[in-house]
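Below you'll find the structure, written out as structure tokens, and then a few comments.
The values are calculated or read from the model by the stated rules, or taken from the named source; none is laboratory data. Predicted model only: the values in this text are computed from it and were never measured. Because the Cβ atoms are built from the backbone with ideal geometry, glycine has one as well, and the counts that use them run over all protein chains shown. Remember, those area values only see protein heavy atoms, side chains included, never the ligands or the DNA or RNA. Shrake-Rupley method; radii C 1.70, N 1.55, O 1.52, S 1.80 Å.
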Amino acid sequence: MSGEWTIGPPPVPTPAELRRLHLPPDLDLAPNRPGETLLGDLAYGNGRTPGGGRTRHRIRRHLLALQRTGAELDLLEAGDWRAVHDIPLPGLGPLDHLLIGPPGVFALRTVPARRQRAQAGDLLLTVGRTPTPDPRWIRRAAAHASRVLASPVTPALVLVDASRVEVAPTLRDVLVLQPPTLAATLSAVPATLKLPDVEALFTLARTATTWTVQP
């Protein structure tokens, strides 16, 4: 027989591992799929989502963009990264993705660009001719995440299927990413967290009660 044998008691679980083992299913956000809230809207509808065909088409388009980003994050999760999707933030709405890895913590907002030009500025993101306050929103979401996790969080916008992306030179605090290069871009960021730190932050982030504090 080959291999290494160890004699003695098993390793003592870390506090993060113990918290994960005792986390009730209804408080665990880790099973959330990308776009979990939108999946529920499509399946059942709710008071916030009218049932018109145009609205449902928009939701499906957004859902596909979220799933595309989620597929890229899966590539990172095969390594030393962890992701939590569809985190409810009081007063802000759902945070699409929170990504935790050796380079740090990233709050990601996915935007479907619909094969149009996207221009990211300090305050507004313009897709085609439609401006939205996504840069401001993701800054607020990242600031909230930083407070509750007691860790720096970098805001990022993920533009899916943009025909062209232009980023204002003054936009330095928000990353602007695209799915084909997302994993490579984030993996190239210098490491700041050790693996036990990644797991501890993931355990905290996946716990629903972590996020109940108002921004």
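List of remarks:
- Top-ranked residue of the range 193-215 - restricted to ones that are part of a loop (DSSP other than H, G, I, E, B) and hydrophobic (A, V, I, L, M, F, W, C), ranked as nearest to Ala143 (Cα to Cα): Val213
Condition check ((1) within 15 Å of Val105 (Cα to Cα); (2) modelled with pLDDT of 95 or more) across all residues:
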position	(1), (2)
Ser151	yes, yes
Thr154	yes, yes
Leu157	yes, yes
Asp161	no, yes
Val167	no, yes
Leu171	no, yes
Leu175	yes, yes
Arg206	yes, yes
Thr212	no, no
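- Positions within the range 75-126 being open to solvent by 10 Å² or more (accessible area, probe 1.4 Å), aliphatic (A, V, I, L, M) and more than 18 Å from the chain's Cα centre (by Cα), in sequence order: Leu123, Leu124
- Among the residues of the range 65-113, the one identified as among the β-branched types (Val, Ile, Thr) and in a helix (DSSP H, G or I) is Thr69.
- No other residue among Pro190, Pro180 is out of contact with any Cys (no Cβ under 7 Å at 6 or more places or on another chain) and assigned to a loop (DSSP other than H, G, I, E, B) apart from Pro190.
- Residue within the range 128-151 that is buried (at least 19 other Cβ atoms within 10 Å of the Cβ) and not in a helix (DSSP H, G or I) present: no
Here's the yes/no breakdown for (1) open to solvent by 70 Å² or more (accessible area, probe 1.4 Å); (2) modelled with pLDDT of 95 or more; (3) more than 20 Å from the chain's Cα centre (by Cα):
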| residue | (1), (2), (3) |
| --- | --- |
| Arg20 | yes, no, no |
| Leu23 | no, no, yes |
| Asp26 | yes, no, no |
| Leu29 | no, yes, no |
| Gly35 | no, no, no |
| Gly47 | yes, no, yes |
| Pro50 | yes, no, yes |
| Arg54 | yes, no, yes |
| His57 | yes, no, yes |
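- Flag not set for Glu72, criterion: without any contact (Cβ under 8 Å) to a residue 60 or more places away in the chain and of a type outside the set (S, T, N, Q).
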